[in-house]
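K.L.:
First, the structure itself, so that you have it in front of you.
The values are calculated or read from the model by the stated rules, or taken from the named source; none is laboratory data. All values derive from a computational prediction rather than experimental measurement. Methodologically, a virtual Cβ is constructed for each residue, glycine included, from the backbone with ideal geometry; neighbour enumeration extends over all protein chains shown.
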Amino acid sequence: MGLILDCIAFFEANRNKRKALFVDYCRDRFPIVKWLPKYNTKTLISDIIAGLTVGLMVVPQSLAYAKIAGFEDPKYGLYASFMGCFVYAIFGTSKDITLGPTAIMSQIVVAARGDNGVGYVFVMTLTCGIIQFALGFLKLGMIVNLISLPVVSGFTSAAAITIATGQIKHLLGIQPPSGKKIPRNFLPCIEKSIEYIKHSHVWDIVMGFSCILLVLFLRFLKSHVQKWDKDNNHSKPPPSHKQLVARKFLWAITTGRNAVVVLVAGLIAYAVCSVEWNCWNKMELVRNIDGGLPSVIVPNITLTTLEDLDAALAVIPLMGFLEAISIAQAFARENGYRVDASQELIAIGISNVVASFIQSYPVTGSFSRTSVNAQSGVRTPLGGVFTGLVVLLALAFLTPLFRYIPEAALAAIIITAVVHMVNVRILKQIFRLGPFELLPWAASFLGTLFLGIQYGILVAAGIHLLFPLYRLMTPRHSCTYRDDMAVAKLNEGLYYTGIDQLRDIIHEVIDKPDPDGNFGVRLRVIILDASHMPSMDFTVVQGIEEIVNELKKKDIRLVIAGLQDPIEALLRKADINDLVLMPSVQVALSGKESASLSPERERIQ
C-alpha cells in the first residue's frame with residue numbers, strides 16, 4: 001500500500017510540474033496572456049488613438065506599395081495591411097511595431113515574382129510564413145546575426161534607389177508606345193525612361209512634383225511641431241488651450257501627411273475630371289479598384305512553384321524577419337522593454353501564413369508606421385487591431401473613391417519615403433572604424449543594384465561571412481624569446497580551419513631569428529600561450545599531437561600554458577604523450593612544476 005501511495009504522489013507531483021511547464025510555454029508562445037489581464041480603459045483609449053492614426057497612414061502607403069510590388073490593382077496592398085495587425089496582437093512581443101507591406105519587401109516580391117500571376121505571390125507568402133514559423137519554433141532567432149550592418153545598409157540603399165527609379169515613369173506620366181514597357185531593373189529602367197520621356201504628360205509632372213514639395217513641407221513642419229512640443233515641457237507659463245489644440249491639429253496633419261497628399265491630389269483630379277471628361281488621357285489615375293473584403297483562397301503550392309522561387313525562399317523570410325526584428329529591438333531599447341527574437345519569427349510567420357489565404361503578399365514591420373505608432377502613445381499590441389479595422393473600413397466603403405487618386409501622387413509618396421533610406425553617412429563611419437568593412441557594403445550595394453534585389457544581399461552576406469572564416473584560418477599571434485625558450489601567444493580561438501596556420505606559427509618560431517638578429521639559436525622549449533584561446537575542436541587536438549611528434553624529432557618540447565579548464569580537460573582526455581600543460585606562462589618560464597599536471601607528465605627542467 002505504501003508503494004502505491006508513493007507512486008500516486010510521484011505522478012501527482014510530475015503532473016503539477018508538467019502543468020507548470022505547459023503554462024510557462026503558453027505564456028511564452030502567446031504573449032497576449034501576459035498583458036491582457038492588466039488591460040484597462042486608459043490603455044484602451046491610448047491604443048485606439050494610436051491605431052487610428054497609423055490607419056490613416058497605412059491606407060495610402062498600401063496603395064503605393066502595391067504598385068511597387070507589381071500589382072495592377074492596388075487593392076492587394078490593402079489586403080496585406082490588416083491581417084498581420086490582428087495576428088501580431090496575439091503572438092507579438094513588441095508593443096510598438098505594426099506589420100504590413102513595406103517598400104523593401106514590395107521590391108523583393110516584384111523581383112521574385114517575375115512574369116508570374118498573382119497566385120504565385122500568395123504561394124510566396126505562405127512558404128515565407130512557414131519558413132519563418134519553423135525558424136522561430138526551433139529558436140533560431142539568432143540567425144539575424146548572420147547579416148551584418150554594412151550588408152544591410154548597402155542592401156537598403158540600393159533597394160531604395162531601385163524603388164525610386166522605378167517610380168520615375170509614374171512621376172513623369174510616361175506612357176510607352178503600344179507593346180512597349182519600362183523594365184523594373186535599375187539600369188534598364190533608367191535607359192528606357194530616358195528613351196520614352198518624350199511620351200510623358202505635363203499634368204502628371206506638375207502633380208508629381210507638387211506632391212513631393214507638399215510632403216517635404218509637411219515633414220519639415222512636423223520637425224518644428226516636435227520641437228514645439230519639446231519646448232512645451234519646459235515653458236513657463238504653459239501654452240494655452242488654443243495653442244495646444246492648434247499644435248495637436250498640426251501634429252495630426254503632419255503625421256498623416258501621406259493621407260493629406262492623397263486626399264488633396266484626389267480632390268484636384270476629381271475636379272479636373274468633372275470639367276474635362278477626357279482627363280483620363282491627360283492624367284494617369286489609379287482607376288477602378290474592386291471593393292469589398294478579400295475572399296478566402298487556398299494558395300496552390302506545387303513543386304514547380306517552389307523551384308521557381310529559388311533564392312526568394314531564403315531572401316524573403318530572412319529580409320522580412322531582419323526588417324521586423326531590427327525595428328522591434330530599436331523601439332524596445334528606446335522604451336525600456338525586451339523582445340524575443342524567436343517569438344517574433346513565430347509571430348511574423350503565422351501572420352504571413354494566415355495572410356496568404358486572404359490574397360496578401362509577404363508582410364513585415366514598417367519603420368515609419370512603427371515610429372508613428374510609438375509617438376502616438378500606443379500601450380499594447382492591440383493598437384494594431386484598430387489599424388487593421390481602419391483598413392477594413394477603407395476596403396468596405398472607400399474603394400470607389402480611390403479611382404481618382406493620381407499615380408503621380410503615389411509615386412511622390414514612395415520616392416519621399418525611400419529617399420531617406422539611402423544612408424551615405426555610414427560610409428564615413430565604416431571607413432573610420434574599419435576600411436575593410438567597405439567591401440561587404442559595396443558588394444551588397446552593387447550586387448543588389450545590378451544582380452537583382454533577391455541575390456545581392458545573399459552574395460554580400462556570403463562575402464562577409466568569409467571574414468570571420470579567414471580569421472579562424474589565420475589566428476592572430478605574437479612571438480617573444482627568452483634564452484632557449486620561445487613564447488607564441490594566440491589571441492583567438494583555434495578551430496580545424498586554423499590547424500595548418502598553427503603549424504606555420506610553430507615553424508615561424510623555430511626559423512625566426514632572436515631579438516639580436518641571430519639565426520640558429522637552439523630552442524629547447526616552445527610555450528604556446530593559450531590564455532586568450534576560448535575554444536578548441538577535435539581536429540586541433542589531433543593536429544597538436546602531430547606537432548608534438550614533429551617537435552620531438554627536433555628535441556623541442558611543446559608546452560601549452562594558460563588553458564581554460566574545459567579545454568585543458570579536453571587535452572587531458574586526448575592523452576598526448578610528451579605534451580606539457582602549465583597553468584600560466586610565468587610558471588612555464590620559471591621551470592616550476594604545475595600542481596595541475598599528472599605525475600607521469602614530463603616537465604621543464
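K.L.:
Is the range 521-541 home to any residue that is in a helix (DSSP H, G or I), at pLDDT 75 or above, within 20 Å of ASP575 (Cα to Cα) and out of contact with any Phe, Trp or Tyr (no Cβ under 9 Å at 6 or more places or on another chain)?
P.N.:
Within the range 521-541 (the criterion being in a helix (DSSP H, G or I), at pLDDT 75 or above, within 20 Å of ASP575 (Cα to Cα) and out of contact with any Phe, Trp or Tyr (no Cβ under 9 Å at 6 or more places or on another chain)), the answer is yes, since at least one residue qualifies.
K.L.:
Return the residues of the range 312-333 that are out of contact with any strand residue (DSSP E or B) (no Cβ under 9 Å at 6 or more places or on another chain) and under 14 Å from PHE367 (Cα atoms); say none if nothing qualifies.
P.N.:
GLN329, ALA330, PHE331, ALA332
K.L.:
Then there is this: Taking the condition more than 19 Å from the chain's Cα centre (by Cα) and either outside any helix (DSSP H, G or I) or not hydrophobic (A, V, I, L, M, F, W, C) (or both), does GLY384 pass?
P.N.:
yes
K.L.:
How many of the residues in the range 239-271 are in contact with a Phe, Trp or Tyr (Cβ under 8 Å, 6 or more places away or on another chain) and either of a type in the set (Val, Ile, Thr) or modelled with pLDDT under 80 (or both)?
P.N.:
1
K.L.:
Also, I was wondering about something else. Can you pull out every residue in the range 426-455 that is touching a residue at least 60 places away in the same chain (Cβ under 8 Å) and not in a helix (DSSP H, G or I)?
P.N.:
Within the range 426-455, just GLY452 meets the criteria.
K.L.:
Can you name the residue in the range 159-173 that is under 20 Å from ALA112 (Cα atoms) and in contact (Cβ under 8 Å) with a residue 40 or more places away in the chain and, of all such residues, is surrounded by the fewest Cβ atoms within 10 Å (Cβ to Cβ)?
P.N.:
For the range 159-173, the residue satisfying everything is ILE161.
K.L.:
Taking ARG333, is it surrounded by fewer than 17 Cβ atoms within 10 Å (Cβ to Cβ), under 21 Å from the mean Cα position of the chain (by Cα) and closer than 28 Å to VAL315 by Cβ?
P.N.:
yes
K.L.:
Kindly indicate which of GLY493, GLY456 is at pLDDT below 85, among the small types (Gly, Ala, Ser) and under 30 Å from ILE527 (Cα atoms).
P.N.:
That would be GLY493, the only listed residue that is at pLDDT below 85, among the small types (Gly, Ala, Ser) and under 30 Å from ILE527 (Cα atoms).
K.L.:
Could we say that LEU563 is at pLDDT 80 or above, in contact with a strand residue (DSSP E or B) (Cβ under 8 Å, 6 or more places away or on another chain) and not in a helix (DSSP H, G or I) here?
P.N.:
It is true that LEU563 is at pLDDT 80 or above, in contact with a strand residue (DSSP E or B) (Cβ under 8 Å, 6 or more places away or on another chain) and not in a helix (DSSP H, G or I).
K.L.:
For the range 91-102, check the following and say yes or no: at least one residue is modelled with pLDDT of 90 or more and part of a helix (DSSP H, G or I).
P.N.:
Yes, the range 91-102 has at least one match.
K.L.:
Kindly evaluate ALA271 against the criterion of being assigned to a helix (DSSP H, G or I), of a type in the set (A, V, I, L, M) and surrounded by fewer than 18 Cβ atoms within 10 Å (Cβ to Cβ).
P.N.:
yes
K.L.:
Consider only pairs whose beta carbons are under 7 Å apart and that are at least six residues apart or on different chains; among these, list those whose first residue lies in the range 174-188 and is within 26 Å of PHE445 (Cα to Cα) and whose second residue is of a type in the set (Lys, Arg).
P.N.:
ILE182/LYS169; ILE182/LYS192; PRO183/LYS192
K.L.:
Within the range 95-138, track down each residue that is among the acidic types (Asp, Glu) and in contact with a Ser or Thr (Cβ under 7 Å, 6 or more places away or on another chain).
P.N.:
ASP96
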